[in-house]
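See below for the structure under consideration.
The values are calculated or read from the model by the stated rules, or taken from the named source; none is laboratory data. Only a predicted model underlies this, so the values are computations on that prediction, with no experimental measurement involved. Using ideal geometry, Cβ is built from the backbone for each residue, glycine included, and neighbour counts are taken over all protein chains shown. Ligands, DNA and RNA are excluded from the accessible area calculation, which covers all protein heavy atoms including side chains. Shrake-Rupley method; radii C 1.70, N 1.55, O 1.52, S 1.80 Å.
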Amino acid sequence: MNNKEFFNILIGKPPLEVELEIEMKCREVDQLPESVMKAYSFALVKENRLQDYLIIAAMQRIQETEIKLMRYEMAEHHRTKNLRQK
């Protein structure tokens, strides 16, 4: 699965405004001199890694919250089941 397929599954197809913004930024970057392009690429690599870390941390928090919710719902289910039996 490539990045485009992953994003389509995760958030769907971006709005036209976002696609236009991406295209305009790509054209702007295409006009940069090589030295500026190298610095820009380094900055993008750093930013991308930090975003990856943020997404991983967010997914872990979501998973932990879902586990807590599931445990709570199971405990509630058992509690109400025991009350009905009495």
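Observations, loosely collected:
- ALA39, sole failed condition from (1) at pLDDT 90 or above; (2) open to solvent by 90 Å² or more (accessible area, probe 1.4 Å): (2)
- Residues (open to solvent by less than 80 Å² (accessible area, probe 1.4 Å) and either in contact with a Cys (Cβ under 6 Å, 6 or more places away or on another chain) or within 17 Å of ILE11 (Cα to Cα) (or both)) located in the range 43-63: ASP52, ALA58
- Filter result for LYS25 (free of Cβ contacts under 8 Å to residues at least 24 places away in the same chain, loosely packed, with under 10 Cβ neighbours inside 10 Å and charged (D, E, K, R)): no
- Any chance LEU10 is open to solvent by 100 Å² or more (accessible area, probe 1.4 Å) and modelled with pLDDT of 90 or more: no
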